[in-house]
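See structure below.
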Amino acid sequence: MRIFVYPGSFDPVTNGHLDIIDRAAKLCDKLIVAVLKNRSKTPAFTMEERVSFLEQVLDGRGNVEVIPFSGLLVDFMKEHNATTVIKGLRAVSDFEYEFQMALLNKNLAPEVETLFMMTNIKYSYLSSSAVRELASYGGNIRDLVPEKIVDQIYDKLKAY
Ligand code: ADP
């Protein structure tokens, strides 16, 4: 069984993430969406909210599972018998950091591969931080995140 892991903070999940999830899920038997707990910056949404958003929008995708994680990604990979890390690339600006992470992980666990998927051009400008910023000012996020979670995002972030 081929198990891939797609790690991120998903603060909140966007249509760009979902596009990567759908494409990556076709390449493996099981895709684990690993939701990061230990980011240096406090997330806008709690772990429970971030996992709940993912579960609501993943509805019906049989081979995708959402699991919170903290600690080293390579340990998480071993624990779940996963072979491959999936990362999305939007722009050259993503590359340097991801390149470093991939090489660090390769050094820690040579058997783990990192697979980069190019963003869908439609979502190349899209990030969770842009969604948070827009939502906090009441801007339109309807084309950026799944309809199901739009109001929940506004409820939490809208300043008025
Ligand atoms: P963000 O960078 O939006 O805050 P995350 O830290 O949750 O998101 O990112 C998790 C993964 O998803 C990373 O590999 C990131 O490059 C990828 N990703 C995020 N947004 C997009 C997008 N619009 N298109 C493709 N990949 C994306």
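The values are calculated or read from the model by the stated rules, or taken from the named source; none is laboratory data. Remember, it's a predicted structure, so these values are computed and weren't measured experimentally. We place every Cβ from the backbone using ideal geometry, glycine too, and count neighbours over all the protein chains shown. Quick note on the areas: whole protein, heavy atoms, side chains included, nothing else; ligands and nucleic acids left out. Shrake-Rupley method; radii C 1.70, N 1.55, O 1.52, S 1.80 Å.
Observations on the model:
- When +1 charges are put on Lys and Arg Cβ atoms and -1 charges on Asp and Glu Cβ atoms, the dipole computed for segment 3-157 relative to its Cα centre reaches about 180 debye.
- Annotation: amide H of residue 36 within the under-5 Å range of 8, 9, 69, sequence separation 5 or more or interchain, hydrogens built in the peptide plane.
- Degrees, to the nearest 10: 15-25 long Cα axis against longest axis of the chain: 30 degrees
- Cα-based helix-to-principal-axis angle, 92-108 vs the chain, degrees rounded to 10: 40 degrees
- Accessible area per residue in Å² at 1.4 Å probe, computed on segment 3-157: 52 Å²
- Sparse-neighbour loop sites [chymotrypsin sites (Phe, Trp or Tyr not before Pro); segment 55-131; at most 13 other C-beta within 10 Å; DSSP]: 125
- On the chain, 53 percent of the accessible area sits on carbon and sulfur atoms, based on a 1.4 Å probe.
- Between residue 121 and residue 142, the modelled labels are 2.5 nm apart [label points 7 Å from Cα along Cα→Cβ].
- 117, 1, reordered so the largest accessible area comes first (probe 1.4 Å): 1, 117
- Spatial separation of Cα centroids for segment 95-160 and segment 18-91, in angstrom: 12 Å
- Taking the Cα centre of segment 1-65 as reference, the dipole from Cβ charges on Lys and Arg (+1) and Asp and Glu (-1) amounts to some 280 debye.
- Within segment 9-105, trypsin sites (Lys or Arg not before Pro) in DSSP loop having at most 11 other beta-carbon neighbours inside 10 Å: 26, 39, 41
- Placing unit charges on the Cβ atoms of the charged side chains and taking the dipole of segment 3-157 about its Cα centre, the candidate lying farthest along the positive direction among 68, 127, 24 is 127.
- Among 146, 58, 117 - extreme Cα towards positive end, dipole of the chain, charges at beta-carbon: 117
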